[in-house]
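In what follows, a single structure is set out as structure tokens and then discussed.
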Amino acid sequence: MIPDIRDGLGAAEAKARLEAEGPNEIARDRPRGVLSTILAVVREPMLLLLLAAGVLYLVLGDRGDAATLLAFVLLVIGITIFQARRTERALGALRDLASPRALVIRGGERRRVAGREVVAGDLVVLSEGDRVPADGVLVEAANLLVDESLLTGESVAVRKVAHAGELLSAPEARPGGDDLPHVYSGTLVVGGHGLCVVRATGGRTAIGRIGGALAEVAQPRTPLQIEIDRTVRWIAVGAVGACAILVATLAVTRGDLLHALLPGLTVAMALLPEEFPVVLTVFHAFGAYRISKHQVLARRVPALEALGAATVLCSDKTGTLTANVMRIVRLEGADARTTFELDAAASPALPEEVHDVVEYGILASQPDPFDPMEAAFHELGKGALRGTEHLHEGWRPLREYPLAPDLLAMTHVYSPTATGGAEGSARYVVAAKGAPEAVFDLCHLDAAALAEARARTSAMASRGLRVLAVARAELAEAPLPAIQHEYDFRLVGMVGLLDPVRPEVPAAVAECRAAGIRVLMITGDSPETAAAIGRAIGLLDAEVASGVTLDETSDEALRQLVRRTSIFARVRPEQKLRLVRALAANGEVVAMTGDGVNDAPALKAAHIGIAMGQRGTDVAREAAALVLIEDDFASIVAALRLGRGIYENLRKALAYVVAVHVPIAGMALLPPLLGAPMVLGPTHVALLQLVIDPACSLAFEAEPVDADVMRRPPRRTDAPIFSRRVLTFALLQGLSVLVADLAIYAWARTGGNELRARTLAFLTLIAGDIALIHVNRSWTRGALATLRTSNRAALVLTILAAALLVLVLEVAPLRDALRLEPLARWEYALAIGAGAASIGWFELIKRRVVGDVPRAAS
């Protein structure tokens, strides 16, 4: 038997058991090793073309060029492994964040820990909507229902009871069946609550023994992935066609097929868009990781693409817009003349007339509350009722009547004369609390009393207070009624609780408005409370609709209602699904927050489902695309901002890839077709790839989000990332560099020195490549302004590219391997100036002509 079971394990003991038993997770695929990464890399088309060119050089007897190509192959493999390992580290960090959470009691205190840190002997708190983190035995159970269909295939939830004997004597049992004390890892709590002591973790659990790792459902490819795949296929077809045409032309005109294959392979390498899928993978992985730094976990890739298109943000109130720190600020007795305002700064000293309001509010709450409103009752009672007969710290409820969708009130039944009493006790004390309308209904108030109570409720709610009503009843003998309505309740009073607006929310709402994103508040609070909070956060001209209105509104009328309404009060979780569907039917891209089991359908139906990480249930987190690590509205807005920035930077990266391939392909294709010698061989293209690959994946990914990204309208969901204007300007940039390069090459050839002409052309091409990086970092700001923006990856890449260029031009063995020759300083200046100046026109017009391209494209 575990000593001090109610206190759980100590921190040191839990740490020791975690080290001894290993993490609470079922074995999953291990990360790819270096060898498997190398094998995957060498199967890439670009590497295969490099190897083919190397073999061709050997056949032609040029061992020097073959060795140079082999060195480039090894270098490209090294860079690819570095990027792959970095991406895996980012994804690994996300997996750690995504680990299911568990509420455990350690050292007498409740703590939320990652599910993988749960150990045998832990005392786990289970509530509705939780996934059971490990196999265990219940020591407490109140109306606990668990869905064990994952293990049994039976869709009906089973009833659970607490184990009455020694924990170690609890026999092993198969999943399924009512009135058993065992709970199993991966099963779902669908009702009630309980405490369990963990007996098995990881592979020792029932699910670990029978199934190993649960296979994840394959996610469909996103629209962007489909668009990229289609683009890659078309360009690949074009590359093969250009290669075939060049080989055929040279074979016919020069009569040498073997020598014609080399420029053909070079053109294929120059045109192959192998960066596209790499860029998309890197942006998705690092985009999700960057968003996690803002306390938002992206569970699904499509969410990153949808963030920039969101037009409506539907938010809960409690804990998201407000601080979720409830404080009782007003007490009213059953008599309207009995009222008391509490001062937060002063210690509570309550008049006797309102003691019973606090007393029965505490009795109607959980003894160890997690709900902030129940915690507020306990906090006030400990300070104001200590030493009085109104505080009953040793009482435990005999029976609970939980909240229900049709009755938003909960009731606890106590037997003060029986310790742990049985239902046959002589006297029962009954306490209820809940939504005022529900409690008024339980008390069966007459018309006059009901009107007065409603008026008092409205007066408190209009101040932005959350209002609860408290009632009491007594029962002389058993049996206890089946439903709450069968008790003879009397109204004790009402309580006004304040949950202040988070200080950062009004600014975040204003930022959404500037970005063209409507903010809708959906709450279970009263219309008056919702309207007060709406005014506080900046929803000034908002019409308020209630859950009753939603029930009475047809689907077509609801579509019109959501166009003009920004606040929905007294909304049940299942009504959120109707709101999401109505907004989607209006063409909106909906982001929806939720935390409960019943929120899951709405979260799944929304384009971007956002679950609460702290107070949200596991079911809600599994249904959502994003999870807030901190339940904070400002984090959602930060994710929207980053989502827009990620998509825009991705568009810039892909535009750069298109632009940079134009001059490379042109310089590989045109000179041989025009009868000149090859300017670029496979080694030159491979060297250029050393600049292009990290530029498009790392430099653009690290680009800070534009300051005005949230002052632009959301992008259209049907807008391709390669819009006509984006593609046009990308091609024009590439053509500009190509024209400058051809001009320098043609001028240099007039001197009759082919090596000098190639060297100048190669230098001009690299200078143009670096210039393309910096002009594409922003399509709204000049390159000089962009250079002043911090982007360490772009700066490091520029320095390394310059250093690489100096090495290949100044170090004789490298220069000879690439068949280049030394240049004079003025020739350096000429080539670099020509490359950089070739796209100066874009700098001059980007603000006036294409400043809106990112908005149209993204």
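Mind ordering 640-650, 398-408 by average Cβ neighbours within 10 Å, highest first?
Ranked from most to least packed, the peptides come out as 640-650, 398-408.
Need one number: nm distance between label points at Arg110 and Glu400, each 7 Å from Cα along Cα→Cβ, rounded to one decimal.
Going from the Arg110 label point to the Glu400 one covers 1.1 nm.
Where nothing but the Cβ of Lys and Arg (+1) and of Asp and Glu (-1) is charged, how large is the charge dipole of the range 447-512 around its Cα centre, in debye to the nearest 20?
In debye, rounded to 20, the range 447-512 gives about 280.
Could you work out the local net charge near Thr388, counting Lys and Arg as +1, Asp and Glu as -1, over the other residues with Cβ closer than 14 Å to its Cβ?
-4
When all protein chains stay in place, what accessible area (Å², nearest 10, 1.4 Å probe) is found for Glu528?
60
Could you give the accessible area per residue of the range 279-342, probe 1.4 Å, as a whole number in Å²?
Dividing the accessible area of the range 279-342 by its residue count gives 32 Å².
Starting with the highest mean, order 755-763, 786-794 by the number of other Cβ atoms within 10 Å, averaged over the residues of each peptide.
For the peptides 755-763, 786-794, the packing ranking is 755-763, 786-794.
At R0 = 22 Å, how high is the FRET efficiency between Arg386 and Arg427 if r is their beta carbon distance? Nearest 0.05 is fine.
0.30
Which of rounded, prolate, oblate describes the range 526-685, given a ≥ b ≥ c as roots of the alpha-carbon gyration tensor eigenvalues and a/c under 1.5 marking rounded, otherwise prolate only if a/b is larger than b/c?
prolate
In nm, give the distance between the simple-model label positions of Ala451 and Thr717, each being 7 Å from the Cα along the Cα-to-Cβ direction.
A separation of 4.9 nm, rounded to one decimal place.
Give, in nm to one decimal, the length gained when the segment between Leu844 and Ala349 is fully stretched (0.36 nm per residue of separation minus the Cα-Cα distance).
Net length gain for the segment: 171.0 nm.
In square angstrom, rounded to the nearest 10, how much accessible surface does Lys604 have for a 1.4 Å probe?
Accessible surface of Lys604 is approximately 150 Å².
Of His193, His378, which has the most accessible area and how do the rest follow, probe 1.4 Å?
His193, His378
Using the structure shown, list the pairs from Lys433/Lys604; Lys317/Lys604; Lys317/Lys382; Lys160/Lys433; Lys433/Lys576; Lys317/Lys433 with a Cα-Cα distance above 23 Å, or answer none.
Too far apart for the 23 Å limit: Lys433/Lys604; Lys317/Lys382; Lys160/Lys433; Lys433/Lys576.
Cα centroids of the range 363-389 and the range 439-472: how far apart, whole angstrom?
If we compute the Cα centre of each part, the gap is 21 Å.
Roughly how many debye, to the nearest 20, is the charge dipole of the range 714-858 about its Cα centre, given +1 on each Lys and Arg Cβ, -1 on each Asp and Glu Cβ, and no other charges?
That gives the range 714-858 a dipole magnitude of about 720 debye.
Pull out a ≥ b ≥ c, the square roots of the eigenvalues of the alpha-carbon gyration tensor of the range 484-587, then state rounded if a/c is under 1.5, prolate if not and a/b is larger than b/c, and oblate in the remaining case.
The shape class here is oblate.
Label the range 236-361 by shape, choosing from rounded, prolate and oblate, from the square roots a ≥ b ≥ c of the eigenvalues of the Cα gyration tensor; if a/c is under 1.5 it is rounded, and otherwise prolate applies when a/b is larger than b/c, oblate when it is not.
prolate
Considering the options Ala719, Ala686, Gly675, tell which one lies farthest towards the positive end of the dipole of the range 675-824, charges being +1 on Lys and Arg and -1 on Asp and Glu at the Cβ, about the Cα centre.
With unit charges placed on the Cβ atoms, the residue in question is Ala719.
Any idea which of Thr320, Leu331, Ser292 is furthest toward the positive side of the dipole for the range 275-386, if Lys and Arg beta-carbons carry +1 and Asp and Glu beta-carbons -1?
Ser292
The values are calculated or read from the model by the stated rules, or taken from the named source; none is laboratory data. Quantities reported herein were computed from a predicted structural model and do not represent experimental measurements. Positions of Cβ are backbone-derived with ideal geometry, glycine not excepted, and every protein chain shown enters the neighbour counts. Keep in mind that these areas ignore ligands, DNA and RNA; they rest on the heavy atoms of the full protein, side chains included. Shrake-Rupley method; radii C 1.70, N 1.55, O 1.52, S 1.80 Å.
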